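Trainee: Got a structure for you, written out below as structure tokens; questions coming shortly.
The values are calculated or read from the model by the stated rules, or taken from the named source; none is laboratory data. None of these values were measured; they are calculated from a predicted model. Quick reminder, even Gly has a Cβ in these numbers, built from the backbone with ideal geometry, and neighbours come from all protein chains shown. All accessible areas refer to the heavy atoms of the entire protein, side chains included, with ligands and DNA or RNA removed. Shrake-Rupley method; radii C 1.70, N 1.55, O 1.52, S 1.80 Å.
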Amino acid sequence: MATEGIDPVTTSDYVRIFDTTLRDGEQSPGATMNVAEKVAIARQLERLNVDVIEAGFAASSDGDFESVRRVAETVTTPIVLSLARTRELDVDRALKAVEGARNPGIHIFIATSDIHLKYKLLMNREEVLTSAVWAVERASKHMSHVEFSCEDASRSDWDYMVSLLREVVAAGATVINLPDTTGHAIPEEYGRMFTYIRERVPGAGKVRWSAHCHNDLGLAVANSLAAIQNGVRQIECTINGIGERAGNTSMEEVVMALRTRKDLFGIESRVETRQIYPASRLLCQVIGWPVPPNKPIVGDNAFAHEAGIHQDGVLKHKLTYEIMKPEEVGIPSNKLVLGKHSGRHAFVDRLGQLGVDAAAIDVNKAFAEFKALCDKKKVVYDDDILALVTEESRRRGDFYELADLSVSSSNSSPPRAEIVMRVGGEERRSAATGDGMVDACYKAIYQLAGVHPVLERYAVKAITGGTDALGEVSCLVRHNGMTVPGQGAHSDIVMASALALINALNRLKSALRRNPEQLGEEGP
Ligand SMILES: [Zn+2]
């Protein structure tokens, strides 16, 4: 079947980047972010110059609604949208949440695969079509940017999607997404699906086509690139590739593949690539997961040359073994930054280079802490600074706050910890003994908080080298069927441990407050 000649949208000269770190990314277990953290990530996404930010799933909980609303009010350039099912409540909540955005949008989805229809939706194909058209029509009365997704498209019948999308496009959808929700597709096949459907949907040339891939078979980036070669001009992705199960398409990988192989694709994104590394570091700090050293683009080893012959080549000419320059993705060539004699101005400058918005933190307090760290530590690295400001913003407005901690241990008596903590603004004290200083500390904190969650994981990492390094502690606690992470950074490891646990307890507190409606659906 013939297309309507030249396709004005797909031949446009860039690939739109749709970032879903705050929605699909946040759905990965242990990647829960609070509102302030989401706003910080959104600011960095704006610096990255992404085109669309999916800020959450407004109807899923009050907390999600609030996050979408705050992100919508914070950023100016990107389109901010919320996910919504094809239900009245979802559509209306999503529209309401983005009201304050300069460039608002909505993302409506419903599954189209027979397996989802039969076992999850309990609907037939006709009912799904009617529901999709109804929701798109309702949204497009209020919104000019309406994206529609066929959830599980890669396992759906292509001709059924053609008949559904024919109506959905006529109803006013401006972006059509065909996600590989389960990470099941293979590049050639996934790309071919777009060509097949675009050739058969009337008006296909007036909408933008979008790919959304999961990495279950390690093919999310490859599938996204195959989609671009088949006319897709929007890629849905996340920073560091976080997301459900094995994750989503990694933003940095797809952006750098397009840039590095522009000779092949003839098209790029509009991402400010020098903000990639700061974005990756910021997300690691917020969710407390490091990226593996061999992670493309942002891993510690991504630009390291170990083999002698490679080193020799790189020294003679960088391009012998390097297809990209580390500076292009914002990796600082000199990681050693500031010290004792650095002024406030240099500190604020560096924060900017690291992707931290000085307006979003208490700079005076952060600078004072930086100075205190300089006194303890000869060399202060970027990661130390990031840890310090993340720790500062992490603690603000918390229900549980650590006021003081002292520990003692000797050969003749068991380790003992005394804790002073503010609980909802009220100061409380407690003391406990334990198997070690951290154990004693945790017991005292549990007494003060009045909860005894199960500590599932506890890990200590030195952020930068040396015995005077900042220590970062991450933990995972489980309580009432809910699992939440906690992070803390401090030059004293017992202190970092206490901060990590208190951070987890605060997350637990707000997670319980959110009391999420059990959706039973995860989104595309
Ligand atoms: Zn997804």
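Trainee: Any chance the stretch 282-299 includes a residue that's farther than 25 Å from Glu189 by Cβ and more than 18 Å from the chain's Cα centre (by Cα)?
Mentor: Yes, that holds for at least one residue.
Trainee: Tell me which residues, restricted to the stretch 268-286, are more than 16 Å from Pro326 (Cα to Cα), modelled with pLDDT under 95 and in contact with an Asp or Glu (Cβ under 8 Å, 6 or more places away or on another chain).
Mentor: Once the filter is applied, which keeps residues that are more than 16 Å from Pro326 (Cα to Cα), modelled with pLDDT under 95 and in contact with an Asp or Glu (Cβ under 8 Å, 6 or more places away or on another chain), the stretch 268-286 yields only Val286.
Trainee: Sort out which residues of the stretch 183-210 are away from the ligand (no atom under 16 Å from the Cβ) and open to solvent by 50 Å² or more (accessible area, probe 1.4 Å), and write them in order of number.
Mentor: Taking the stretch 183-210 first, the residues away from the ligand (no atom under 16 Å from the Cβ) are 186-189, 191-209.
Answer for the stretch 183-210, where residues must be away from the ligand (no atom under 16 Å from the Cβ) and open to solvent by 50 Å² or more (accessible area, probe 1.4 Å): Ile186, Glu188, Glu189, Arg192, Tyr196, Glu199, Arg200, Pro202, Lys206.
Trainee: Sticking with this structure for a sec: Inside the stretch 231-264, can you point out the residues that are in a loop (DSSP other than H, G, I, E, B), away from the ligand (no atom under 12 Å from the Cβ) and either open to solvent by less than 20 Å² (accessible area, probe 1.4 Å) or in contact with a His (Cβ under 9 Å, 6 or more places away or on another chain) (or both)?
Mentor: Across the stretch 231-264, the qualifying residues are Gly231, Val232.
Trainee: State whether the residues of the stretch 171-182 include one that is over 18 Å from Val201 (Cα atoms), in contact (Cβ under 8 Å) with a residue 24 or more places away in the chain and open to solvent by 20 Å² or more (accessible area, probe 1.4 Å).
Mentor: There is at least one residue in the stretch 171-182 that is over 18 Å from Val201 (Cα atoms), in contact (Cβ under 8 Å) with a residue 24 or more places away in the chain and open to solvent by 20 Å² or more (accessible area, probe 1.4 Å).
Trainee: Here's another thing I want to ask about it. Tell me, please, whether a residue that is among the small types (Gly, Ala, Ser), more than 10 Å from the ligand (Cβ to nearest atom), in a loop (DSSP other than H, G, I, E, B) and at pLDDT 95 or above can be found in the stretch 217-230.
Mentor: Looking through the stretch 217-230, at least one residue is among the small types (Gly, Ala, Ser), more than 10 Å from the ligand (Cβ to nearest atom), in a loop (DSSP other than H, G, I, E, B) and at pLDDT 95 or above.
Per-residue answers, yes or no, for (1) assigned to a strand (DSSP E or B); (2) within 16 Å of the ligand (Cβ to nearest atom); (3) surrounded by fewer than 22 Cβ atoms within 10 Å (Cβ to Cβ); (4) at pLDDT 95 or above:
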residue	(1), (2), (3), (4)
Ile17	yes, yes, no, yes
Gly30	no, no, yes, no
Ile53	yes, yes, no, yes
Thr77	no, no, yes, yes
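Trainee: Let me ask you something else. How many residues does the stretch 484-518 contain that are surrounded by 20 or more Cβ atoms within 10 Å (Cβ to Cβ), at pLDDT below 80 and of a type in the set (S, T, N, Q)?
Mentor: The qualifying residues number 0.
Trainee: Another one. Looking for whichever is buried (at least 16 other Cβ atoms within 10 Å of the Cβ), in contact with a Phe, Trp or Tyr (Cβ under 7 Å, 6 or more places away or on another chain) and modelled with pLDDT of 90 or more here; the options are Ala444, Ala449. Which one fits? So that I can check it myself, show each step before the final result.
Mentor: Working: Ala444 fails: in contact with a Phe, Trp or Tyr (Cβ under 7 Å, 6 or more places away or on another chain).
Sole residue among the options that is buried (at least 16 other Cβ atoms within 10 Å of the Cβ), in contact with a Phe, Trp or Tyr (Cβ under 7 Å, 6 or more places away or on another chain) and modelled with pLDDT of 90 or more: Ala449.
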